[in-house]
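This report concerns only the one structure given below.
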Amino acid sequence: MKVALLSESPADEAVLRVLVDAILGEPAQVAPAGYRARGWPNVIQVLPAVIRHLHFNTDVDTLVVTCDSDDSPVHTEAHEAPQYYHPHCRMCQLRAVFRQTSKRFPSAHGRLKVRRVVGVAVPALEAWLLCGRDSDVSEAAWINGQQAGRLPYTRAELKFRIYQTERPSLPHEIQCALRETERHRRDLRRLEYDFPGFAALMKDLKSPPQL
Amino acid sequence: MIASVAFRNFKALRNTSLRLSPFNIVIGANGSGKTSLIQALQRLRTLAMLPLGEAAAVTRVGGPEITIAFAAPHSDVTARLGCTSDVVCDLLRVESPSQVQWDEIKARLGTMRSYAFDHEAMAASALTTSGGGLASNGANLPAVLAARQRNAPAEFARLEAEFLRLLPEFSGIIFEEDSGGRVRFALGIGGAGEPVRAENLSQGVFYLLGLLVLSFDPVPPAVVCIEEIDRGIHPRMFREVRDVLYRLSYPTSFGEIREPVQVIATTHSPYMLDQFRDHPEEVVITQKHGHEARFERLSDRVDLPELLREGTLGDMWFSGVLGGVPEER
């Protein structure tokens, strides 16, 4: 499997590489230079171009995209209904971009389209990293907080719990992130259960490629 | 170190003030007051080194004036620069409870440095004996590096390691000294390859090296002002540039125990601005309307969270929503 990654930072990309290998149970052939977006609105802006580029100019068969949900509506089971589309849910938006961008593509490089793999970290990737370590951190806890109008933690707090500073250097950020990811690499079940936004990524990645 | 600066009738800064944080990234249109802020602080440094004496008795009314307040433990000290014109500020009045307090501030102000790097100046060889510090345009870089290697080998090793991490195509910093006592440097590329001499390096390499020299200074200044921190550097490296500067202002976040350095940096890059999304309190926008400019802190925008849902910080700046853009006719 030839995989390309689109993420928001080098630290996110490092984590994603480990998680993709763990999901597949073997090292994936990941394109060396990851595609990068500058935060959420930019993810959705560059995604069509990345999909088009990968489809026509490369033999990559899978594009893995992750982003933070920040304070956007969280993707829930209700969003999975046929024809349902939540205009502010980032999972719904990313999937729609994949669908719309590639629906008229002719097959290229021996595949019908680049496979879509989408994950949304609620509210940020640091929550995935804390999963299994801080029992109060989960997607359900965040949704409950959104509904109650009292969020259980902030993104800044999650970052501080991982990096022990508000301003980690990039190497420190990557080192801490990989240290926490090691727990998931050994056993993904807790992350899959507590974070449906990650479970969706797993499901996409395990689905058969569209040849 | 410096808590705030207030301007009255100084160039385009007719009536505005700015609270300064440990780290400040200043954005805005050309000619909107970014450099004036740095010039004012430079002027403060220069005048602070002179005896106050007679000048303290002089008061000018109505002319340009710049008032500087200091952070704790010197929050009851105020310095006022009096100017005869937009370009001549030659009067310093200090209100301090004691001479000791002002002497402490003066000592720290004396270390303040401002930089606008010029790669050609940075590439030029320098007298080995002149390795004290970088000139304001970055000149003297070879001598500073060589002196650092000689006098502070541990700090030099850390600087070099960080440089090689950021630019892994190089394998080391190599010095050459000529018979005239001038030193120049080259960068090794590993293996049997010829080292790349300074005159053949790209601009961004010099600027990055200059920032690292400041960031890993064993005796850093109290305040550092740097113009155009994004210049010559690939946008994907901006996070690293930000971190290099954060090392100065937030040493404990980088495992260092020393006094923080107050940083005032400018940029014209929306991509660089994106690096400060999580810390809008560090972003200063200079707003210019007609001939008058003023400062605003990004964190004072109450609608910032909503704006960031619609686009990146850089996009918001470029669009004009944040202000700090050139006026068009």
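Values in this text are rule-based calculations from the coordinates and carry no lab data. All values derive from a computational prediction rather than experimental measurement. Because the Cβ atoms are built from the backbone with ideal geometry, glycine has one as well, and the counts that use them run over all protein chains shown.
Where residues in segment A:29-77 are surrounded by fewer than 15 Cβ atoms within 10 Å (Cβ to Cβ) and within 21 Å of A:TRP128 (Cα to Cα), which of them is farthest from the other protein chains (Cβ to nearest Cβ)? The selected residue is A:GLU77. Taking each residue of segment B:84-96 that is touching a residue at least 60 places away in the same chain (Cβ under 8 Å) and looking for partners that are of a type in the set (Asp, Glu) and buried (at least 19 other Cβ atoms within 10 Å of the Cβ) with beta-carbon atoms closer than 8 Å, six or more apart or interchain, yields nothing. Looking across segment B:278-299, the residues that are surrounded by fewer than 16 Cβ atoms within 10 Å (Cβ to Cβ) and over 14 Å from B:LEU20 (Cβ atoms) come down to B:ASP278, B:HIS289, B:GLY290, B:HIS291, B:GLU292. Note on segment A:7-28: among residues that are within 14 Å of chain B (Cβ to nearest Cβ) and hydrophobic (A, V, I, L, M, F, W, C), the one that is surrounded by the most Cβ atoms within 10 Å (Cβ to Cβ) is A:ALA11.
Among the listed residues B:LEU307, B:LEU245, B:LEU298, B:LEU273, identify the single one that is of a type outside the set (D, E, K, R), farther than 27 Å from A:ILE174 by Cα and within 12 Å of chain A (Cβ to nearest Cβ). Write out each step before concluding.
On the way: B:LEU245 fails: farther than 27 Å from A:ILE174 by Cα; B:LEU298 fails: within 12 Å of chain A (Cβ to nearest Cβ); B:LEU273 fails: farther than 27 Å from A:ILE174 by Cα.
None of the other options fit; the residue is B:LEU307.
Residues that are away from chain B (no Cβ under 14 Å) and not small (Gly, Ala, Ser) number at least 2 in the following helices (runs of 4 or more DSSP H) confined to segment A:147-211: A:170-186, A:189-194, A:196-206. The set of residues from segment B:248-268 being more than 9 Å from every other protein chain (Cβ to nearest Cβ) and buried (at least 19 other Cβ atoms within 10 Å of the Cβ) comprises B:LEU248, B:VAL261, B:GLN262, B:VAL263, B:ILE264, B:ALA265, B:THR266, B:THR267.
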